[in-house]
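See structure below.
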Amino acid sequence: ALPDELEEELRSAILSVAGVRSFHKLKTRRIGRSIAVDVHIQMDGTLSLGEAHDISKRVEEAVWRQFGRDSHVSLHMEPVRPARI
C-alpha cells in the first residue's frame, strides 16, 4: 500500500471528478517508480455506458495528472440507483 498521505491525494483526485458519487475497495501499491491503483467507483446508475466510460477516463486522467502517466489504473464501475420509497 502507498503511504497514507499519498492515498489521501489519490482519494482527493478520484472525488474531484464530476460524476463520481463515491468509491470503495481502494487498493494501491508501488511498482518500481510508478504506482498501481485498483478501485471501484460508484456513479449514477441511469448514465449511459458511454457517459460512465467518459467519467472513468476522467478518473484515470486525474490519477495520471497527480502521479504520472506511468501509473497503472484499474477501475471497476458500479451503478448507484436512487433509493425507492
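Just a few scattered comments:
- Yes/no for I35 being part of a strand (DSSP E or B), among the β-branched types (V, I, T) and out of contact with any Gly (no Cβ under 7 Å at 6 or more places or on another chain): yes
- Exclusive hit being under 20 Å from P82 (Cα atoms) and among the acidic types (D, E), set D44, D54: D44
- Residue identified as modelled with pLDDT of 95 or more and part of a strand (DSSP E or B) among R29, R58: R29
- Of residues in the range 41-85 being of a type in the set (V, I, T) and surrounded by 16 or more Cβ atoms within 10 Å (Cβ to Cβ), the one farthest from R29 (Cα to Cα): I55
The values are calculated or read from the model by the stated rules, or taken from the named source; none is laboratory data. None of the values given here were measured: they were computed from a predicted structure. No Cβ is skipped: glycine too gets one built from the backbone with ideal geometry, and neighbour counts run over all protein chains shown.
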